[in-house]
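This report concerns only the one structure given below.
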Amino acid sequence: MSREFIALAVMGIDQHENGVIAVARVIREAQMQVDYFGKFNTPASVADRAIRGDADVVGISCHSWEYVRLVPQLVEELRKRGSDIPVVIGGSVITPEDGEKMRQSGVAAVFTSSVDTDELIECLRALSKSRKRAVPRESGR
């Protein structure tokens, strides 16, 4: 039986990683696999690594305003490579207006820093499950 595999990253020059590290712990405690790519990633590097690792969901931590430009680029990079991996974002600087812009650019879910962890886990499981139904896997992770 495969488990959900969630890839997490921080992009651009954003150096805030306490939140993403805490989220990684919550996801692991929910018995999902997690790979944290670290800080200073580009949209292309996150897309490449997520596709190579066969991630079910990519989560981006946003604590600087760069996400407004970089997250849509990540969604575009994934689609250019023929991937349907859903992207979710979370962080302390996401305004409701920007959250809506992110959804319009293809982001599957937007979470503020006050997200309920049960809601987060439920969303990640649902996104992973819908992707697993849509994409048959050759290897049983």
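Working note: 222 nm ellipticity from helices only, DSSP H runs with n ≥ 4, each -39,500 (n - 2.57), summed and divided by the residues of the chain, gives -14000 deg cm²/dmol to the nearest 500.
Between G82, G59, G38, the GNM of the chain built on Cα springs shorter than 10 angstrom shows G82 fluctuating the most. In the chain, Cα pairs under 8 Å separated by at least six residues give a relative contact order of 26 percent. Scanning the chain for chymotrypsin sites (Phe, Trp or Tyr not before Pro) lying in DSSP loops with no more than 15 further Cβ atoms inside 10 Å, the longest uninterrupted stretch between such sites is 66-141. Across V58, V110, V93, mean-square fluctuation computed from a Gaussian network of the chain (C-alpha pairs under 10 Å connected) peaks at V93. Exposure proxy ranking for M11, M32, based on other Cβ atoms within 10 angstrom of each Cβ and starting from the fewest, stands as M32, M11.
Binning all Cα-Cα separations of the chain at 10 Å, short to long from zero, yields these whole-percent fractions: 12, 48, 35, 5, 0. Springs join every pair of Cα atoms under 10 Å in this Gaussian network model of the chain, and among A50, A109, A30 the largest mean-square fluctuation is at A30. For E4, the residues 5 or more places off, or on other chains, whose built amide H falls under 5 Å of its own are Q33.
Between A44, L120, G91, the Cα set farthest toward the positive side of the dipole of the chain (charges on each charged residue's Cβ, about the Cα centre) is that of A44.
Each value in this text was obtained by applying a stated rule to the coordinates, not by laboratory testing. Here the structure is a predicted model, which means the values were calculated and not measured. Ideal geometry is used to build each Cβ from the backbone, glycine not excepted, and the neighbour counts take in all protein chains shown.
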